[in-house]
Each structure stands twice: as structure tokens, then as C-alpha cells.
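Take a look at the structure below.
We did not get these values from a lab; they are worked out from the coordinates using the rules stated. What you see is a predicted model, and the numbers here were worked out from it, not measured in a lab. Here the Cβ positions follow ideal geometry from the backbone for every residue, glycine too, while neighbour counts run over all protein chains shown.
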Amino acid sequence: MKGLLPVFKRELSGYFTTPVAVVFIVIFLFLAGVFTFNLGAYFERGQADMVVFFNFHPWLYLFLIPAVSMRLWAEERKSGTIELLLTLPISLSAAVVGKFLAAWAFAGIALALTFPLWITTNYLGSPDNGVILAGYLGSLLMAGAFLAIGSCISASTKSQVIAFIISVVICLLFMLAGIREVQGFLADWLPVQAVQVLGGFSFLTRFEAISRGMLDARDVLFFASIIGVFVAATGVVVNMKKVV
Amino acid sequence: MISIRKISKRYGTGSGILAVDNVSLEVGPGEVLGFLGPNGAGKSTTMKMVTGFLTPTSGTAVVCGRDVVEDPVGVKAAIGYLPEGAPNYPDMTVRSFLDFIAQVRGFSGREKHRRIDTVVDRVQLRGVLHQPIETLSKGFKRRVGLAQSMLHDPPVLILDEPTDGLDPNQKHEVRNVIRALATSADHQNSGRSVVLSTHILEEVEAVCTRAIIIAKGKLLVDGTPADLRAMSKYHNAVTLTVIPPSGAGGEPLSVAKELGDIKWVAAVEDKGVVHVPVSPAGPGGPRQTLTLVPKGGRPLLGDVTSMCKSKGWSIETIAVEGGRLDDVFRTLTTKDAANTGPVAEPVGGAA
């Protein structure tokens with residue numbers, strides 16, 4: 001993976017040389033706060049845990065993560081720098097993985113900046129910090145899965161707007177695959193086994209367990225596989241659609 | 001140094017567009033090869049395949065002993081490439097952009113700084129080093145692209161339309177850089193190979209030691225710029241301005257007929273008679289300007305001057321042409337289009 005590190009560094013610093021980073025982080029922290037304190041009634045619950053904080057992460061990510069991932073490849077394609085990048089002596093996988101990791105690291109930085117809430121929770125009571133850590137890990141994994149999907153879709157278009165909209169829709173499908181209404185709707189069309197399999201892809205269901213502190217190896221493996229599959233698919237799409 | 005072997009590219013599946021059709025080509029060290037052709041001729045596609053951006057449908061290219069299909073990363077390491085339009089990352093400063101390229105190319109520490117310094121001086125970017133690339137003029141952006149392509153002192157440089165869209169001064173500067181690159185001895189080998197594509201014909205004369213013309217994906221001509229000129233019907237043509245003789249009523253009589261009767265004149269292009277006013281430069285009166293196109297490129301000058309002398313026409317200006325590149329270009333690239341009609345279809349080529 002020669003060349004991965006420079007690509008990673010360039011991409012990550014790219015977020016910070018433009019207003020993207022500041023705007024994203026401010027909005028992310030603001031919304032996380034609104035969701036936790038207003039909608040989640042963090043104080044009123046009177047419990048020293050961060051369950052309400054994590055509960056809203058899938059919905060927060062649904063719109064914010066595609067906003068990060070949309071530029072990954074669509075921008076390179078639009079400006080023609082994809083030709084520059086892919087004629088440098090690096091492998092395609094180094095470019096794809098380097099860019100993905102940079103976006104993931106950026107999401108990680110935004111997530112890490114919610115640490116005051118963790119301090120507050122510890123100040124107000126004595127929470128199970130293992131559960132909170134599990135929540136953060138799960139949230140980071142889910143962000144990675146959203147990003148991998150977004151990266152793949154960004155690779156297939158020149159337009160960042162299209163990349164954003166399609167990413168939101170696909171991420172929404174992944175999120176909702178497990179809830180009762182959707183399952184019921186699918187049951188009219190598909191055999192029971194297929195509905196169950198699709199239900200297994202539900203981010204909401206998987207993340208719910210994690211946010212309550214149950215970091216099941218199967219859920220971790222699930223998100224890791226989603227990341228692996230979609231990052232690999234990004235490579236395939238980039239390679240296929242170099243021109244046009 | 002570059003060996004293109006029967007390379008073809010078809011876009012789309014099945015019977016998609018054949019953008020490059022079985023092109024073979026060798027470029028040696030010290031050569032500056034001009035890639036000429038109309039838009040959509042396959043110039044860029046060929047370059048994209050040689051640089052490993054696109055995979056050839058068939059055939060391959062070998063650069064410095066490495067096969068682009070088998071070892072694309074190896075080939076990319078040996079090539080400096082300026083893609084069409086010199087794309088770059090607009091948010092980055094010139095310095096951080098070159099830093100990124102240097103890191104990807106495997107340089108670090110003192111060596112990295114030395115390389116960036118050298119290349120910045122060479123294309124004169126010192127003054128804008130800390131400016132974001134998006135704030136630079138087109139000429140500077142192009143120089144950033146050139147700097148990026150030669151940072152690792154590559155034995156092979158491939159430049160896709162390096163002067164396209166620049167003003168005449170910027171074109172001149174970029175050409176100077178390219179010329180200096182090709183002849184500079186700081187590469188360990190005997191010289192660099194430079195391949196550049198263009199549709200500006202004067203550029204070929206200005207910088208190239210060799211030129212090829214490509215149209216509809218096929219290689220049509222391969223030779224020096226002088227060879228190309230010699231293919232023009234205007235090669236050795238004579239253009240002259242004479243004071244024509246006067247007729248009985250004082251009106252000027254055209255000399256076109258007599259000059260057209262010279263043995264090796266194929267055609268006379270008569271630009272007509274104009275009346276020039278008296279000036280310090282010479283007497284006023286009628287002047288006739290004509291271009292005599294020779295048969296088979298034979299020299300005409302001797303015959304033309306002796307005829308003028310014997311007829312008593314005084315010659316005001318006379319010039320022999322080397323040939324017109326645009327004429328060769330147009331003839332070749334449009335003739336090829338005509339040839340692809342049903343008549344020229346290969347025998348037995350039925351599906």
C-alpha cells in the first residue's frame with residue numbers, strides 16, 4: 001500500500017483547508033446536543049449514561065455522513081484530478097483506502113469532540129465507562145459503514161449533489177431494513193427468509209444493541225464487512241468508470 | 001524508452017467507439033515527439049493508456065523496460081505526466097501540492113525539499129509558493145502542473161496539450177521549459193523522452209524533433225517537422241509580387257498565364273492586382289501577387305526569376321515556401337475521413 005499515507009494526509013488536511021471541517025463539526029456537535037438534551041431528555045431521565053446520545057447517532061449520520069463522503073471521488077472526477085491521482089505511482093487500492101480512511105478519521109475527530117458530554121456524565125454520576133466506550137466504538141464503526149457506502153456512490157458520479165442524495169437514500173434503506181413497518185411491507189413481496197436476511201442488514205437494530213453497551217462480535221463483524229465490501233466496491237467502480 | 005505496441009482502445013462494450021486503432025510507435029531518448037491530430041483523434045486516449053490511467057483493449061506499451069499492463073505502478077514511477085487541462089487540487093497551496101506529489105513519489109526529508117526547490121526554480125513558481133492554486137492565473141496553474149510532472153526528474157515526460165488555452169507569452173514560456181527539459185543533461189541517461197500532444201502546428205516546429213499525425217485512432221504520418229512540410233503541396237512553392245506590364249490602354253495585364261506555363265508549375269493562385277499609392281518605399285501603381293505551386297515539389301525559383309527578367313517584369317518581393325503544416329494536417333486528416341467510406345472497406349471484412 002505504498003502511497004496510502006500521503007493520500008490519507010492530503011485528504012484529511014483537505015477537510016481542514018476549506019470551511020467544510022468547521023461547518024461539519026459545528027453542526028454535528030450542535031445537532032448532537034439538541035438530540036441529546038432536548039429530544040432525548042438527557043437531564044430529565046436522571047440516569048448517568050449516554051444511551052440517549054448514541055440513540056440519535058444513526059439519524060445524525062444519515063444526513064451528515066453523506067455530506068462528507070459525497071466529495072471523495074465525485075470531486076476528483078469532476079475536476080479531472082482523478083487522472084492525476086491514478087497516474088501517480090500508487091496502487092488503486094492505496095488511493096481508495098487512503099481516501100476512505102481520511103474521511104473516517106475526520107468523522108472520528110468530530111465524534112471525539114463530543115467528549116465534554118462524557119465528562120459531564122462522569123461528573124453527574126458514575127456511569128459504566130465500558131458501556132460508553134462500546135457506544136463510541138459502535139458509533140465509529142457505523143460511521144465507517146455509512147462512509148464506505150457513500151464513497152462507493154461518490155465514485156460512480158461526477159455530481160456531488162447526486163452522490164449526496166443517493167447516499168442518503170441507500171443509507172436510509174440500510175437503517176430501516178429491520179424495523180417492523182418495513183419488514184411487514186417487504187413480507188408482502190418477498191419470501192420470509194429473504195425478509196429475515198434483509199432485516200439482518202439493519203443498522204438501527206445492530207446499533208441499538210451496541211449503544212446499550214452490548215458490543216457483540218457479530219455486530220462488529222457486520223459493520224466491518226459492510227466497510228470491507230463497499231470499500232472494495234469503490235475500487236471496482238473507480239476502475240470501471242475512469243472516463244465519461 | 002517508450003515502445004507502444006499495437007495498442008488499441010475501444011470505449012463501451014461490443015462494437016463501441018474504437019478510439020485508438022492498433023498504434024505502434026517507438027520514442028528514443030532525447031526525442032521530443034509531437035502528437036498531432038484533430039480533436040477526438042485518439043491523442044489523449046493513447047497518452048492515458050501509456051501512463052497507465054486507462055487499460056488498453058489490446059496491445060501494450062513498454063516504458064523504460066516495464067510493461068504498463070503488467071506493472072502499471074512501475075511505469076507510473078518512470079513517467080512524468082501532465083494530464084489535459086493540468087488538473088490540480090485548487091484548495092492546496094503550490095507548496096503543499098508539490099509536497100504531496102513528492103511524498104507519493106517516495107521522497108522525504110532533505111531530498112524532498114531539494115527536489116521541490118529545484119523544480120520551483122525551474123518553472124519559476126517561487127513568488128506564488130504559498131498561494132492556494134485556485135488563486136493563480138492559468139499560466140501559473142499550468143506551470144504547477146509541469147512542476148508536478150518533472151519533480152522526480154523522470155526519464156519520460158508525457159504532456160497532454162501543455163500550452164492549450166494559454167496566451168502567446170505563456171505559450172512561449174511553457175515551450176521554453178519543455179525545450180530546456182528535453183535537452184537538459186541532469187538526467188543520468190543520455191536524455192529524456194518527451195511526448196506532447198497539441199493541435200497547434202507552430203508548436204511542433206517550435207519544440208519537436210519528430211512529429212506524428214493521428215486521426216480516427218490511426219497513425220498516419222511519422223517524421224520530422226521538415227518531412228511533414230515536404231509533404232505539403234506548397235513545399236517549394238514560390239510566392240511573388242511583381243509590377244505587371246501595362247496593356248494598350250494603360251491597364252495592367254495579368255502575368256498569371258505566362259507564369260502558369262512554366263514547366264513544373266502545377267497551379268497558380270492569383271491573389272489579384274492591387275493599386276498601391278506612391279510612398280517613400282517605392283513608386284505607386286499596380287502590383288500582382290501570385291503563388292506558384294510546383295509539381296512534385298520541384299524547385300521553381302530559377303525558372304520564375306529568369307522568366308520575369310526576360311519579360312521585363314520587375315519583382316518586388318519573392319519567397320520560397322518550405323511547406324504549410326496546416327495544409328498537410330488538413331489534407332491528411334480529412335482524406336482519412338473520406339477513406340473510411342465503403343470503397344476503402346477491407347476485402348473480406350464482413351462479419
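The residues on offer are A:ALA41, A:ALA67, A:ALA48, A:ALA74, and the sole one that is of a type outside the set (Phe, Trp, Tyr) and at positive phi is A:ALA41. Annotation note: of B:ASP91, B:ASP121, B:ASP99, B:ASP164, the sole residue that is within 14 Å of chain A (Cβ to nearest Cβ), out of contact with any Leu (no Cβ under 8 Å at 6 or more places or on another chain) and either without any contact (Cβ under 8 Å) to a residue 24 or more places away in the chain or not in a loop (DSSP other than H, G, I, E, B) (or both) is B:ASP99. Can you tell me which residue is surrounded by the fewest Cβ atoms within 10 Å (Cβ to Cβ) among those in region A:90-136 that are within 14 Å of chain B (Cβ to nearest Cβ) and of a type in the set (S, T, N, Q)? For region A:90-136, the residue satisfying everything is A:SER93. Taking the criterion of being under 28 Å from the mean Cα position of the chain (by Cα), part of a strand (DSSP E or B) and of a type outside the set (Ser, Thr, Tyr), the residues of region B:216-266 that qualify are B:LYS218, B:LEU219, B:LEU220, B:VAL221, B:ASP222, B:GLY223, B:VAL238. Candidates are the residues of region B:55-85 that are over 16 Å from B:VAL195 (Cβ atoms) and facing chain A (nearest Cβ under 10 Å); the one that is surrounded by the fewest Cβ atoms within 10 Å (Cβ to Cβ) is B:THR55. Elements of the type helices (runs of 4 or more DSSP H) sitting completely within region A:95-182 and holding at least 3 residues that are farther than 29 Å from A:PRO6 by Cα and without any contact (Cβ under 8 Å) to a residue 40 or more places away in the chain: these cover A:115-124, A:160-176.
Among the residues of region A:2-40, those identified as more than 28 Å from A:LEU88 (Cα to Cα) and small (Gly, Ala, Ser) are A:ALA32, A:GLY33, A:GLY40. There is no residue in region B:30-46 that is within 13 Å of chain A (Cβ to nearest Cβ), in a loop (DSSP other than H, G, I, E, B) and in contact with a helix residue (DSSP H, G or I) (Cβ under 8 Å, 6 or more places away or on another chain). Specify the residue that is farthest from B:ALA215 (Cα to Cα); the eligible residues are those in region B:1-16 that are within 14 Å of another protein chain (Cβ to nearest Cβ) and loosely packed, with under 14 Cβ neighbours inside 10 Å. Applying the filter and picking the extreme gives B:THR13. Checking A:VAL238, A:VAL231 one by one, the residue that is crowded, with 20+ Cβ neighbours inside 10 Å, touching a helix residue (DSSP H, G or I) at 6+ places or on another chain (Cβ under 6 Å) and within 14 Å of chain B (Cβ to nearest Cβ) is A:VAL238 and no other. Of the residues that make up region B:15-25, is at least one assigned to a strand (DSSP E or B), within 30 Å of B:GLN131 (Cα to Cα) and in contact (Cβ under 8 Å) with a residue 40 or more places away in the chain? Scanning region B:15-25 turns up no residue that is assigned to a strand (DSSP E or B), within 30 Å of B:GLN131 (Cα to Cα) and in contact (Cβ under 8 Å) with a residue 40 or more places away in the chain. On the stretch given as region B:269-285, residues that are surrounded by 10 or more Cβ atoms within 10 Å (Cβ to Cβ) and either touching a Lys or Arg at 6+ places or on another chain (Cβ under 8 Å) or of a type in the set (D, E, K, R) (or both) total 6. Of all positions in region A:177-186, at least one carries a residue that is surrounded by 14 or more Cβ atoms within 10 Å (Cβ to Cβ) and either closer than 13 Å to A:PHE222 by Cβ or charged (D, E, K, R) (or both). Picking from residues in region A:59-73 that are part of a helix (DSSP H, G or I) and crowded, with 24+ Cβ neighbours inside 10 Å, the one that is farthest from the other protein chains (Cβ to nearest Cβ) is A:TYR61.
When A:ALA32, A:ALA41 are screened for being away from chain B (no Cβ under 11 Å) and surrounded by fewer than 20 Cβ atoms within 10 Å (Cβ to Cβ), only A:ALA41 passes.
Among residues of region B:191-211 that are part of a loop (DSSP other than H, G, I, E, B), those with a beta-carbon under 7 Å from a residue that is acidic (Asp, Glu) at least six positions away or on a different chain give the pairs B:THR209/B:GLU31.
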